[in-house]
Amino acid sequence: MFSKFTRATAKVRFSDVAVVREIDGQSTLKLRLANERSTGITEADVSVYAIRDETTAEGEEVRRFYSLELERHTTPVFQYSFTVRHRLDSNSPISELNPNNVDNQLVSLVVTFRGTDDALVSDVHDRHAYSPDDIRFDHRFVDILDLDGAGPPSNLNIEKISDTQRLPRE
């Protein structure tokens, strides 16, 4: 009866920035989430949408929402962090995204999250939006998991979730 009146809060932290960088020779959009809860989230699922202003063939201005295909959109157990990746390949609606045209290519990115709280067995939901100014090109996220060499991560440094490093030029 208690859980019926208790509502789980998501307590998911999204990185303040997204990054675009080369991974395996392909330009890739990355963003990061961290679980701020003391319990895990089961069957966590993330969706990312690109919002663009476009002109129809008839000259009408419209705002369109495009669902971005993610390399992995779900994880069975979300205990620490989750990095979301979208390849900017020829199938991507934002395939031409680069530092010189980000303002023309994108109004925003919207990220939605949902999963099940392990302790309360209730749904949790959250969302976050990124503006063009929130996208860093040729950067990588710094590590946020402290590894002691053996076994699972010993500490999640959630304060570093938005920290990035510029990649060296080749």
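Just so it is clear, none of the values below were taken in a lab; they were calculated from the coordinates. Computed from a predicted model, the values in this text were never measured in an experiment. FYI the Cβ positions are ideal-geometry reconstructions off the backbone, even for glycines, and counts take in every protein chain you see.
Numbers below:
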{"item": "Among ALA44, ALA119, ALA18, residue whose mean-square fluctuation peaks in a GNM of the chain (springs only between Cα atoms under 10 Å)", "result": "ALA119"}
{"item": "Interchain or long-range residues, amide H under 5 Å from ALA18's placed H", "result": "ILE135, ARG136"}
{"item": "For PHE137, net neighbour charge (Lys/Arg +1, Asp/Glu -1) across residues whose Cβ lies under 10 Å away", "result": "+2"}
{"item": "For region 13-19, Karplus couplings with θ = phi - 60° (6.51, -1.76, 1.60), whole Hz, Gly/Pro x", "result": "9, 9, 4, 6, 10, 10, 10"}
{"item": "Highest-fluctuation residue, VAL62, VAL84, VAL19 considered, GNM on the chain with Cα pairs under 10 Å", "result": "VAL62"}
{"item": "For THR28, residues with placed amide H under 5 Å, excluding near neighbours", "result": "ARG21, GLU22, ILE23, LEU88"}
{"item": "Proximal charge balance of ARG32 [Cβ under 14 Å; K/R count +1, D/E count -1]", "result": "0"}
{"item": "Within the chain: Cβ-based charge dipole about Cα centre, in debye rounded to nearest 20 (Lys, Arg +1; Asp, Glu -1)", "result": "460"}
{"item": "Summed side-chain charge close to VAL62 - residues other than VAL62 whose Cβ falls under 14 Å, Lys, Arg +1, Asp, Glu -1", "result": "-2"}
{"item": "Coil-residue GluC sites (Glu not before Pro) of region 1-100, DSSP, other Cβ within 10 Å capped at 16", "result": "GLU36, GLU58, GLU60, GLU69, GLU71, GLU96"}
{"item": "Spin-label model distance (nm) - ASP133 vs THR112, 7 Å beyond Cα toward Cβ", "result": "2.7"}
{"item": "Estimated 222 nm signal from helices in the chain, with DSSP H stretches of n ≥ 4 weighted -39500 (n - 2.57), rounded to 500", "result": "-500 deg cm²/dmol"}
